[in-house]
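Derivation of every value follows stated rules applied to the coordinates shown; laboratory data play no part. Everything numeric in this text was worked out from a predicted model, so none of it was measured. In this analysis, Cβ positions are derived from the backbone assuming ideal geometry, glycine residues included, and neighbour counts consider all displayed protein chains.
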Amino acid sequence: MNENMTTGAPHEQGSQWYDNEAGPLVRPYAMTGGRTKPGPAGVRFDLIALVTLDPEAPGADGTGLGPEHCTLVDLCRTETQSVAELAAGSDLLVGVVRVLLGDLLELGCVTVSRPVPPAQLPDERILREVIEGLRAL
């Protein structure tokens, strides 16, 4: 048996295998076509941004999409996911997920929303005063 086969080390310099357990290695720039930023101008994919699949959108069934795009669509199919959850679930880098989500957003397959920042939520003290005022009526 080849010594490299048992240790999981690369077979040879430039081999298509990263190691026996990882399988073929695909560089992130190959998945994104060399792009590093999401397509739509002004769209930010924060880690907590929520991504929802539009099942009626063309391409939402995975037709004509790459395998990484399909993985993200499948993850969103059951429930809304954050960008961080999509990166973890797809085992892709966050930067790659952002670029791929930009593609899906341009196709209309997904919508992106952001949770309300805590600074914009009403203060608990004010809500309690409103409740007390309603009870006083």
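Near GLY89, once Lys and Arg are set to +1 and Asp and Glu to -1 for all other residues with Cβ below 15 Å from its Cβ, the sum equals -3. Sequence-ordered 3J(HN,Hα) estimates for region 56-71 from the Karplus curve with 6.51, -1.76 and 1.60 and θ = phi - 60° stand at 8, 5, x, x, 5, 8, x, 5, x, 9, x, x, 5, 4, 4, 4 Hz, glycine and proline given as x.
For a Förster distance of 22 Å, can you work out the FRET efficiency between the beta-carbons of ALA84 and ARG27, rounded to the nearest 0.05? Walk me through the numbers before you get to the answer.
On the way: r = 22 Å, r/R0 = 1.01.
For R0 = 22 Å, the calculated efficiency reads 0.50.
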